[in-house]
Amino acid sequence: MVFGQVVIGPPGSGKTTYCNGMSQFLSLIGRKVAVINLDPANDALPYECTINIEDLIKLSDVMNEHSLGPNGGLVYCMDYLEKNIDWLESKLKPLLKDYYLLFDFPGQVELFFLHSNARSVINKLIKKLDLRLTAIHLVDAHLCCDPGKYISALLLSLSTMIHLELPHINVLSKIDLIESYGKLAFNLEYYTDVEDLSYLQHHLDQDPRSAKYRKLTKELCNVIEDYNLVNFSTLDIQDKESVGNLVKLIDKSNGYIFSSIDSSAIEFSKIAAGPLDWDYYRTLAVQEKYMEEAEKAEKDDKM
């Protein structure tokens with residue numbers, strides 16, 4: 001059995017940063033990690049990419065050839081990947097014996113609650129390669145500061161969970177920055193546990209844009225509460241303890257913890273025994289330097 005994560009979430013939620021930090025953390029506790037970039041719009045990768053969808057298809061080529069925008073181009077790329085799933089399978093097979101897999105997917109949310117192509121890609125890989133995958137759905141923590149956006153995030157999370165039909169963990173990312181976005185109406189546990197949403201109604205009524213949709217909002221909240229599926233873990237990708245706690249949840253959800261209990265205990269004993277050489281900031285500096293060089297090269301080309 002091969003274990004891994006399907007990393008999804010809206011644009012700006014921190015998927016690529018997550019894959020970068022998570023791959024470093026897992027490597028430090030002794031796992032061999034392979035990051036698979038399936039986002040054809042992600043042209044500045046801070047991590048070492050084992051498999052890159054750009055070797056199969058490029059978003060820029062699709063947009064130019066078929067006169068599509070970014071969203072249509074991404075749907076086309078996922079359709080193309082589904083039809084050429086043998087290419088991805090052949091790339092993955094050499095990794096199946098030793099590696100833990102991280103799949104970095106595009107940020108276009110329609111791919112995960114509306115279209116079937118991304119789900120088909122995941123399901124085919126699971127069946128043909130016997131993968132044990134957990135969906136990690138990242139949501140930017142700043143959405144908690146706006147009741148309307150928070151409810152939208154809940155609906156998106158619920159729709160994605162139902163659509164993908166995978167072991168699923170919703171994560172409030174960038175939790176270390178949440179205080180800089182403004183004061184929360186309730187304590188953080190209210191937002192992570194998704195408690196009685198009727199308490200948000202008063203705060204929604206204060207916004208004239210939301211007040212006119214009072215009845216609709218109430219019914220949407222009822223849908224979320226009736227399913228009773230959504231809750232959130234929190235993540236500060238720069239904090240090894242925060243990442244470690246999330247890894248433990250993921251290992252329980254996809255069964256990794258049961259595949260080799262002894263080895264799992266040894267891995268996490270490294271966290272308890274002493275400080276890890278957490279290399280996150282150095283990697284960020286490398287990424288920033290790469291971005292600066294790319295921007296400079298782009299300006300030079302225009303001149």
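Key figures for this structure:
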read-out: Segment 157-182, residues that are open to solvent by 40 Å² or more (accessible area, probe 1.4 Å), touching an Asp or Glu at 6+ places or on another chain (Cβ under 8 Å) and assigned to a helix (DSSP H, G or I); value: 176
read-out: Wholly within segment 183-255, helices (runs of 4 or more DSSP H) carrying at least 2 residues that are of a type in the set (Ser, Thr, Tyr); value: 188-193, 214-227, 240-254
read-out: Top-ranked residue in segment 30-40 [being within 15 Å of residue 7 (Cα to Cα) and open to solvent by 10 Å² or more (accessible area, probe 1.4 Å); ranked as modelled with the lowest pLDDT]; value: 39
read-out: Criterion violated by residue 137 - all others in (1) open to solvent by less than 50 Å² (accessible area, probe 1.4 Å); (2) assigned to a loop (DSSP other than H, G, I, E, B) satisfied; value: (2)
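This table checks each residue for (1) more than 24 Å from residue 258 (Cβ to Cβ); (2) surrounded by fewer than 16 Cβ atoms within 10 Å (Cβ to Cβ); (3) modelled with pLDDT under 95.
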residue	(1), (2), (3)
21	yes, no, yes
42	yes, no, yes
48	yes, yes, yes
90	yes, yes, no
98	no, yes, yes
113	yes, no, yes
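The values are calculated or read from the model by the stated rules, or taken from the named source; none is laboratory data. Remember, it's a predicted structure, so these values are computed and weren't measured experimentally. Cβ sites come from the backbone with ideal geometry, for glycine too, and all protein chains shown count toward neighbours. With ligands, DNA and RNA removed, areas are computed over all heavy atoms of the protein, side chains included. Shrake-Rupley method; radii C 1.70, N 1.55, O 1.52, S 1.80 Å.
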